[in-house]
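Reviewing the structure listed below.
The values are calculated or read from the model by the stated rules, or taken from the named source; none is laboratory data. Quick caveat, the model's predicted, so the values are computed rather than measured. No Cβ is skipped: glycine too gets one built from the backbone with ideal geometry, and neighbour counts run over all protein chains shown. Accessible surface is based on the protein model in full, side chains and every heavy atom, while ligands, DNA and RNA are left aside. Shrake-Rupley method; radii C 1.70, N 1.55, O 1.52, S 1.80 Å.
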Amino acid sequence: MYLLVAYDVATSSQDGARRLRRVAKVCLDYGQRVQNSVFECKLEPAHYVEFKQRILEIINPELDSIRFYNLSNNWQKRVEHHGKNDDYNIEGTLLVE
């Protein structure tokens, strides 16, 4: 499944800044950052369940917001990009250092 994840974490406190860093780190474990608080992920359904659970354990639902957009298998026709591109290809090989 192809997933777009967008989040807004309240950072007015130290705890909020910590939650923001933790959410970003988890998102990086599953996908690629395409904007400051937006990630693209290509996951198997079981990994999606795991990913979502990890994120929901971090955020404060009274202060923070996260959206998961499932673009399904026909995502190539649903994603249009204009402007600077850092040559990221979600279908390509991902090298982890």
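Between Ala6 and Gln35, the simple label model (points 7 Å from Cα in the Cβ direction) yields a spacing of 0.5 nm. The accessible-area ordering, largest first, of the residues Arg19, Arg67, Arg33 stands as Arg67, Arg33, Arg19, per a 1.4 angstrom probe. With a ≥ b ≥ c taken as the square roots of the eigenvalues of the C-alpha gyration tensor of the stretch 19-58, please select rounded if a/c is under 1.5 and otherwise prolate if a/b is larger than b/c or oblate if it is not? In terms of gyration-tensor shape, oblate. Listed values for the stretch 27-38 are Karplus-derived 3J(HN,Hα) couplings in whole Hz (6.51 cos²θ - 1.76 cosθ + 1.60, θ = phi - 60°), namely 4, 5, 5, 10, x, 10, 6, 10, 8, 3, 10, 9, and x replaces Gly and Pro. Once all protein chains are placed together, Leu71 keeps about 40 Å² accessible to a 1.4 angstrom probe.
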